[in-house]
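Have a look at the structure below, then the notes.
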Amino acid sequence: MLEPVLDPLFEQAALRPGEQVLDIGCGRGATTYRAAHEVGRTGAVTAADVSPDLLAEAQSVRSPGSGDASIEWVVADAQRAALGESRFDAAISRFGVMFFDDPVAAFVNVRRAVRSGGRLAMVTWRPRNACDFHSVGWAAVNEALVENGYDVADSNPGVGPFSLGVDEVVESVLGEAGWVDIEVEPLELPLYFAGPNIPVDAAVDTAMGMTGMQTFLQPYDDRARALAADALREAYTTRHDGSGVRLDAAMLITTALNSGAAGD
């Protein structure tokens, strides 16, 4: 589903053979294995995620290629974990940095782990109401519940996975954390929800199984959940192009440098 995001992320990360890389919120490891390939056998990648289940799944999917770097898989919250001092040449993340309790503290911790002159490259979602990939299903569910008499509270489209979706916010957080030469650029790509070659019903199942949707629907009854699934099915059917549910995705791609000594 998110594979098209890899190329622009790694273009900005500009990893080189022999480098040491920290992959923040690595999930199922797509970014990790790509990084291991780019830095090669003389490099190394540390893949950190708070979910041991995702890390286990990442390791079970495949192993590094014969010419790829070694990978260290670490169950860790990058905000609080001891990541080392001036250990990495680069830190990367694809949608793995938006859930920190204290984002400034988190990016200070990451910066300390990156050597002076090292860099950060990350992709984050823009606010939900600016991103069809997230807003289409969400709006359909909200409308269906309201039309059927359910009380739906207003939600903030800029929190949770969207907390680093505004240029000024990203610049402020990274600047306060000590990063410099911060560049934030919009990134827009069409993505297939749940992946390419996925029928509508499978896309609906994916959406209904996501943590955000489950949390949103938790206070409601089974009828509301059925209405939500039907609303998603209708919305996704109109956007299925024969290969999958194609939605425009709006993101930010950010790069920054660590110009000072670790621990500044």
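Observations, loosely collected:
- The listed residues are Ala78, Ala130, Ala69, and the only one of them that is in contact with a helix residue (DSSP H, G or I) (Cβ under 7 Å, 6 or more places away or on another chain) and closer than 20 Å to Val5 by Cβ turns out to be Ala78.
- All positions within segment 144-159 that are surrounded by 14 or more Cβ atoms within 10 Å (Cβ to Cβ) and over 11 Å from Phe216 (Cβ atoms): Ala144, Tyr150, Pro157, Gly158
- Segment 213-264, subset among the small types (Gly, Ala, Ser), modelled with pLDDT under 95 and surrounded by fewer than 14 Cβ atoms within 10 Å (Cβ to Cβ), residue nearest to Trp179 (Cα to Cα): Gly260
- In segment 1-114, counting only strands (runs of 3 or more DSSP E) that sit wholly within it, the ones holding 2 or more residues that are under 24 Å from Ile182 (Cβ atoms) span 20-24, 44-49, 88-94.
- Checked against (1) surrounded by 19 or more Cβ atoms within 10 Å (Cβ to Cβ); (2) under 17 Å from the mean Cα position of the chain (by Cα); (3) assigned by TED's automatic domain parsing to the domain that holds Asn109, Ala177 meets all criteria but (2).
- Residues satisfying the criterion are present in segment 149-156 (criterion: on the phi > 0 side of the Ramachandran plot and not assigned by TED's automatic domain parsing to the domain that holds Arg34).
- Residue match in segment 125-141 (condition: under 22 Å from the mean Cα position of the chain (by Cα), assigned to a strand (DSSP E or B) and either in contact (Cβ under 8 Å) with a residue 40 or more places away in the chain or more than 21 Å from Pro219 (Cα to Cα) (or both)): yes
- Matching residues in segment 91-106 - criterion: being surrounded by 19 or more Cβ atoms within 10 Å (Cβ to Cβ) and touching a helix residue (DSSP H, G or I) at 6+ places or on another chain (Cβ under 6 Å): Ala91, Ile92, Arg94, Phe100, Pro103
To keep it simple, each residue is scored yes or no on (1) within 26 Å of Phe99 (Cα to Cα); (2) among the β-branched types (Val, Ile, Thr); (3) touching a helix residue (DSSP H, G or I) at 6+ places or on another chain (Cβ under 8 Å); (4) touching a residue at least 12 places away in the same chain (Cβ under 8 Å).
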position	(1), (2), (3), (4)
Asn148	no, no, yes, yes
Val184	yes, yes, yes, yes
Thr211	yes, yes, no, no
Leu227	no, no, yes, yes
Thr238	no, yes, no, no
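- Close Cβ contacts (under 7 Å, 6 or more residues apart or on different chains) running from residues in segment 35-62 that are outside the structural domain of Ala121 (by TED's automatic domain parsing) to residues that are charged (D, E, K, R) are absent.
The values are calculated or read from the model by the stated rules, or taken from the named source; none is laboratory data. As the structure is a computational prediction, the values presented were derived from the model and not from experiment. For neighbour counting, all protein chains shown are included, and Cβ atoms are generated from backbone atoms with ideal geometry for every residue, glycine included.
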